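The values are calculated or read from the model by the stated rules, or taken from the named source; none is laboratory data. Source: prediction; values computed, not measured. Neighbour counts are summed over all protein chains in view; Cβ atoms, including those assigned to glycine, are modelled from backbone coordinates with ideal geometry. Protein only, heavy atoms only, side chains kept; ligands, DNA and RNA dropped before computing areas. Shrake-Rupley method; radii C 1.70, N 1.55, O 1.52, S 1.80 Å.
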Amino acid sequence: MGEIFLIDSNSLITPAKQYYKFEIAPKFWEQIASKIAHGDIVILDSVKNELLRGNDELSEWVKNLNICTYIKHNDIQILRKYSDVLIGIKNNKCYKPEALQEWAQASVADPWLVATAATFGYTIVTFETTAGTGLSPNAPSKNPKIPDVAKIFNVKTANLYYMMSALGIRLS
């Protein structure tokens with residue numbers, strides 16, 4: 001099997017609201033559902049929970065998914081790596097203490113995504129982008145970004161379009 005993608009909620013919310021609304025691009029959603037059913041795209045429970053909070057077409061779509069690989073964040077391997085992720089943020093001089101407070105909230109899926117991808121070798125699909133050169137001990141940030149933290153744990157991140165290309169998802 002090739003590259004497996006762990007999807008961030010923003011990589012489904014953004015297209016549903018902006019680029020590929022259900023009535024405009026039903027083929028996109030059919031193909032994403034198919035890739036989820038075949039295990040090319042895996043779903044983390046905390047991401048699914050975020051998506052189900054909405055009362056919209058996306059939450060209905062998520063309810064009806066056939067998920068091949070559904071990951072519960074309380075897996076012991078993930079819990080160990082999650083602890084490492086939070087310690088990594090705490091000890092990184094590029095982040096303020098507020099960064100740890102933000103990511104340590106139970107409802108925040110980001111550290112779970114990094115921990116899960118690091119544990120199983122998945123590629124995280126997110127619209128978040130790196131802080132780049134703006135991330136510095138001279139000007140610590142209170143807002144960790146998935147790509148920056150993922151890099152610390154040798155986790156690959158990609159955007160939705162990379163995943164679509166890699167999985168052969170087409171709009172027509």
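Residues in the range 136-158 that are basic (Lys, Arg) and touching a helix residue (DSSP H, G or I) at 6+ places or on another chain (Cβ under 7 Å): how many?
Selection size over the range 136-158: 1.
Condition test on Thr69, is it within 13 Å of Phe153 (Cβ to Cβ) and at pLDDT 95 or above?
When the stated conditions are applied, Thr69 does not pass them.
Please state which one of Glu30, Glu23, Glu60 is closer than 17 Å to Ser11 by Cβ, among the acidic types (Asp, Glu) and open to solvent by 20 Å² or more (accessible area, probe 1.4 Å).
None of the other options fit; the residue is Glu30.
Among Leu86, Leu52, which is the only one that is open to solvent by 20 Å² or more (accessible area, probe 1.4 Å) and farther than 19 Å from Thr130 by Cα? So that I can check it myself, show each step before the final result.
Details: Leu86 fails: farther than 19 Å from Thr130 by Cα.
Only one candidate qualifies: Leu52.
Mind checking which residues of the range 93-115 are open to solvent by less than 30 Å² (accessible area, probe 1.4 Å) and under 23 Å from Val42 (Cβ atoms)?
Those that are open to solvent by less than 30 Å² (accessible area, probe 1.4 Å) and under 23 Å from Val42 (Cβ atoms): Trp103, Val108, Ala109, Asp110, Pro111, Trp112, Leu113, Val114, Ala115.
Please list, ordered by first then second residue, the pairs with beta carbon atoms under 9 Å, 6 or more apart or interchain, first in the range 122-147 and more than 30 Å from Gly39 (Cα to Cα), second of a type in the set (Asp, Glu) and surrounded by 15 or more Cβ atoms within 10 Å (Cβ to Cβ).
Ala131/Asp148; Gly132/Asp148; Leu135/Asp148; Ser141/Asp148; Lys142/Glu102; Asn143/Glu102
Out of curiosity, is Trp103 among the aromatic types (Phe, Trp, Tyr) and at pLDDT below 95? Show your work before the answer.
Numbers: among the aromatic types (Phe, Trp, Tyr): yes; at pLDDT below 95: yes.
Here the answer is yes, as Trp103 does meet what is asked.
Looking at the range 145-170, which of its residues are open to solvent by less than 40 Å² (accessible area, probe 1.4 Å) and assigned to a loop (DSSP other than H, G, I, E, B)?
Hits for the range 145-170 are Val155, Gly168, Ile169.
Restricting attention to helices (runs of 4 or more DSSP H) lying wholly within the range 47-144, give those where 3 or more residues are closer than 26 Å to Glu30 by Cα.
So the answer is 57-63, 110-120.
Of the residues that sit in the range 33-46 and are in a loop (DSSP other than H, G, I, E, B) and touching a Ser or Thr at 6+ places or on another chain (Cβ under 9 Å), which one is surrounded by the most Cβ atoms within 10 Å (Cβ to Cβ)?
For the range 33-46, the residue satisfying everything is Asp40.
Search the range 74-97 for residues that are on the phi < 0 side of the Ramachandran plot and at pLDDT below 95 and pair each with any residue that is surrounded by fewer than 18 Cβ atoms within 10 Å (Cβ to Cβ) and in a strand (DSSP E or B) when their beta-carbon atoms are under 9 Å apart and the residues are at least 6 apart or on different chains.
Filtered contacts from the range 74-97: Lys93/Ser136; Cys94/Ser136; Cys94/Ala139; Cys94/Ser141; Tyr95/Ser141; Lys96/Ser141.
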